[in-house]
Amino acid sequence: MNVKDYKIVGFSLGFLLTLLGICELVPALLEWSYGSNEAGNFFLNAVFTLFFGISLVLANKSYDRQITIRQAFMLTTMSWVFLSIFASFPLYTSNLNLSYTDAFFESMSGITTTGSTILSGLDDMSPGILLWRSITQWIGGIGLVAFAIILLPALRVGGMQLFHTESSDKSEKLLPRSAIVMKHLLMIYVGLTIICGLCYYFGGMSVFDAVNHAMTTIPTGGYSTHDASYGYFESVHLQLFATLFMFLSGLPFILYIRLLYQARFDFLKNEQAILYSGIVAFLTIIMTLWILDTQAFDIVRSFTYAIFSVVSIITTTGYSTIDYTTFGAFAVTFFFFLTYVGSCAGSTAGGLKIMRISIAYKAVSQQINKMLYPNGIFPLKYQGKVIDSNLANAVLGFLGLYAISNVLFAIALTAMGLDFETAISAAATAIANVGPGIGDTIGPAGNFASLPDAAKWLLCFGMLIGRLEILTVIVIFTPAYWRN
């Protein structure tokens, strides 16, 4: 392959690293204001990241402005890898005395907005470190939305070309270029973060907590400034605020663009948004009734715990207010399978996505009807439009690959010494980018620190392929990709 063809990849990586270096100056200034010696750590890492990023930009500034599909596959994978590597340096060189494995695990979890952590003692940790973790998730969140809306449909990964049709139809005249889409997405993303932070502040959080939690709620990341996660805040109002903004972040961001720039309220017309809302409502009722029946909570507290936990898991945020694994075997099974679902395509959430589940259900129903009525015609429709059978096959193929990936990861983790419950849960939570798993080790009350290093590296790879929809990463390892 011609290296010159990848100048646009080098330029883009340099640009992203330059932005990351600028972001590192924020915790440096915060630490400096506290008189902490961590200020020098962040400042030196910022200089190093800026130097590397600017060098890449200057070395590749004469690139071809038209990106190809092949370059896009490389760019998406390398972006998340490079950002995770450089984001890990401030953690590795800090006073936390982390191994590089732990530092990289924490940064990969942040950039992919997974929310799994190896850290404890967050309540007494340096504010700059806590802010940096939140910043990595906030960066990863906006990168994911742009990736899902701009790149994934063009890459035709797992049926996401359908989302291109859904999100583009009439809005293409208004948003003809990716740069304009990105500008509007960024404005909406920043706006939601600010509104969320204000709600947290006026709900009773400190300024620091409000900023950090807003930066990890909107990207559905789940990092907290406290070991007890969101359970640190016992206020029902704060928990309901978090539930609201997690839910809003699980909706397709293209709908916000239509609302703000076209005055089109399409939330009640979008099939996956309606299905997503219905699933959340239905599951919340079930879990509320279960908690009322098995726990000594009143109706308000039962409902709050239920809806918070359901929305946190289905949006793959991973906040916890209570260890739901103490609610019995049904609750453990309930939340384990909810881990796989995810919310809407085009949101900041991970998981399978509601759109794919809906199409898979319709494709299976279509096959059953064809078996019952061989001469019948049963068009496969989504959002009121007939979709191609190849697209349905792509969705079903992705679901199969997703399931196989989970099984292989779980088997590999058991070979590394993890018990079955921890292994299957860790595989699911990594690939779905949820955060906490189940069990005493990595459940809502635990973390990933005690896992062997080999398991942590495998889970880092799982977070990466889960965030980039598996095929985007796998394709660059195929011989066909490297042929001219």
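Counting the residues of the stretch 401-436 that are out of contact with any Leu (no Cβ under 8 Å at 6 or more places or on another chain) and within 18 Å of residue 312 (Cβ to Cβ) gives 8. When you check residue 101 against the structure, is it surrounded by fewer than 20 Cβ atoms within 10 Å (Cβ to Cβ), out of contact with any strand residue (DSSP E or B) (no Cβ under 9 Å at 6 or more places or on another chain), of a type outside the set (Asp, Glu) and at pLDDT 95 or above, yes or no? So residue 101 fits the description; yes. Scanning the stretch 266-282 for residues that are part of a helix (DSSP H, G or I) and either hydrophobic (A, V, I, L, M, F, W, C) or in contact with a helix residue (DSSP H, G or I) (Cβ under 7 Å, 6 or more places away or on another chain) (or both) yields 271, 272, 273, 274, 275, 276, 279, 280, 281, 282. Per this entry, residue 449 is not counted among residues that are among the small types (Gly, Ala, Ser), surrounded by fewer than 22 Cβ atoms within 10 Å (Cβ to Cβ) and at pLDDT 95 or above. In the stretch 393-416, the residues that are under 12 Å from residue 352 (Cβ atoms) form Cβ pairs under 7 Å with partners that are charged (D, E, K, R), at six or more places apart or across chains, as follows: 395/356; 398/356; 399/356.
Applying the set (1) closer than 30 Å to residue 329 by Cβ; (2) touching a strand residue (DSSP E or B) at 6+ places or on another chain (Cβ under 8 Å) to residue 387 leaves exactly one unmet item: (1). Within the stretch 314-328, how many residues turn out to be farther than 18 Å from residue 233 by Cα and either of a type in the set (S, T, N, Q) or at pLDDT below 95 (or both)? Number of matching residues: 6. So which residues in the stretch 344-401 are out of contact with any Asp or Glu (no Cβ under 6 Å at 6 or more places or on another chain), more than 28 Å from residue 114 (Cα to Cα) and assigned to a loop (DSSP other than H, G, I, E, B), if there are any at all? Those that are out of contact with any Asp or Glu (no Cβ under 6 Å at 6 or more places or on another chain), more than 28 Å from residue 114 (Cα to Cα) and assigned to a loop (DSSP other than H, G, I, E, B): 373, 374, 375, 376, 377, 378, 379, 380, 384, 387, 388.
Residues that are assigned to a helix (DSSP H, G or I), among the basic types (Lys, Arg) and over 30 Å from residue 390 (Cβ atoms): does the stretch 129-146 have at least one? Looking through the stretch 129-146, at least one residue is assigned to a helix (DSSP H, G or I), among the basic types (Lys, Arg) and over 30 Å from residue 390 (Cβ atoms). The helices (runs of 4 or more DSSP H) falling completely within the stretch 430-477 that include 1 or more residues that are among the small types (Gly, Ala, Ser) and over 20 Å from residue 395 (Cα atoms) map to 439-442, 453-467. When 218, 285, 257 are checked against the criterion of being β-branched (Val, Ile, Thr), surrounded by fewer than 16 Cβ atoms within 10 Å (Cβ to Cβ) and either touching a residue at least 12 places away in the same chain (Cβ under 8 Å) or within 24 Å of residue 358 (Cα to Cα) (or both), a single residue qualifies: 285. In this entry, residue 414 passes the filter for residues that are surrounded by 12 or more Cβ atoms within 10 Å (Cβ to Cβ), part of a helix (DSSP H, G or I) and touching a helix residue (DSSP H, G or I) at 6+ places or on another chain (Cβ under 6 Å).
Take the conditions (1) farther than 20 Å from residue 105 by Cα; (2) touching a residue at least 12 places away in the same chain (Cβ under 8 Å); (3) more than 15 Å from the chain's Cα centre (by Cα); residue 206 misses just one of them, which is (2).
Between 39, 87, the distinction of being within 26 Å of the chain's Cα centre (by Cα), touching a residue at least 40 places away in the same chain (Cβ under 8 Å) and assigned to a helix (DSSP H, G or I) belongs to 87 only.
The values are calculated or read from the model by the stated rules, or taken from the named source; none is laboratory data. Small disclaimer: the values here were computed from a predicted structure and weren't measured. Note that we place each Cβ from the backbone using ideal geometry, even for glycine, and neighbour counts take in every protein chain shown.
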